[in-house]
Amino acid sequence: MLSINFYSADGIENDSVDLSEEFYAWLAHSKFSKIAQAKSTLLELEEEMINLPLVELIPEVRGSYIQFLSDAIVEGTKTLLEHLEQPNKVDVLDDDKYRLRKAIALLTLVKNEAYQYVGYY
């Protein structure tokens, strides 16, 4: 399982969203991965200084992630509603629900201004 990690500027607060390889690959090939480039950033995590490739969530970058994830949630909801109208689509519905849950989890963390950095590697 892969994850996207969120960090506060002081490294005290952090959170992550675990993702399936399929969902992670979708993000990697989407506009999400092109919003900003990670830069080597020194953070203190668990009383140790660690250099990580992170994207700083400056207002423009945060806004772009919010817009991307909001659009993905709207499109995912449309897809889910279409699949609900089709009989025998239980497996597809599970995929639709997974994508929506993960997009919402990411959106929630991106909107949280306690986090100043995001890392996906």
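A few comments on the model shown:
- Taken together, the criteria exclude Ala72 from residues that are outside any loop (DSSP other than H, G, I, E, B) and free of Cβ contacts under 8 Å to residues at least 12 places away in the same chain.
- Checked against (1) at pLDDT below 95; (2) open to solvent by less than 90 Å² (accessible area, probe 1.4 Å); (3) over 20 Å from Lys111 (Cβ atoms), Glu46 passes all but a single condition, namely (2).
So that you can scan it fast, the table gives a plain yes or no per residue for (1) surrounded by 14 or more Cβ atoms within 10 Å (Cβ to Cβ); (2) at pLDDT below 95; (3) charged (D, E, K, R):
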| residue | (1), (2), (3) |
| --- | --- |
| Asn5 | yes, no, no |
| Asp10 | no, yes, yes |
| Leu19 | yes, no, no |
| Ile50 | no, yes, no |
| Tyr65 | yes, no, no |
| Gly76 | yes, no, no |
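- The residue list Thr108, Thr77 contains one member that is over 22 Å from Lys39 (Cα atoms), of a type in the set (Val, Ile, Thr) and over 14 Å from the mean Cα position of the chain (by Cα), which is Thr77.
- Some residue of region 83-91 being open to solvent by less than 90 Å² (accessible area, probe 1.4 Å) and at pLDDT 95 or above: no
- Contacts under 7 angstrom Cβ, first residue in region 27-44 being free of Cβ contacts under 8 Å to residues at least 24 places away in the same chain, partner open to solvent by less than 20 Å² (accessible area, probe 1.4 Å), 6 or more apart: Lys39/Leu54
- Residues that are open to solvent by less than 80 Å² (accessible area, probe 1.4 Å) and not aliphatic (A, V, I, L, M) were ranked within region 98-121; the one that is nearest to Pro59 (Cα to Cα) is Gln116.
- Selection within region 1-32 - hydroxyl-bearing (Ser, Thr, Tyr) and under 11 Å from Gly119 (Cα atoms): Ser3, Tyr7, Ser16
- Against the criterion of being touching a Leu at 6+ places or on another chain (Cβ under 9 Å) and of a type in the set (S, T, N, Q), Asn51 qualifies.
The values are calculated or read from the model by the stated rules, or taken from the named source; none is laboratory data. It should be emphasised that the depicted structure is a prediction, and the values quoted were computed from it without experimental measurement. Every residue, glycine among them, receives a Cβ derived from its backbone with ideal geometry; neighbour counts consider all protein chains shown. Note: accessible area is taken over every heavy atom of the protein model, side chains too, but ligands, DNA and RNA are not part of it. Shrake-Rupley method; radii C 1.70, N 1.55, O 1.52, S 1.80 Å.
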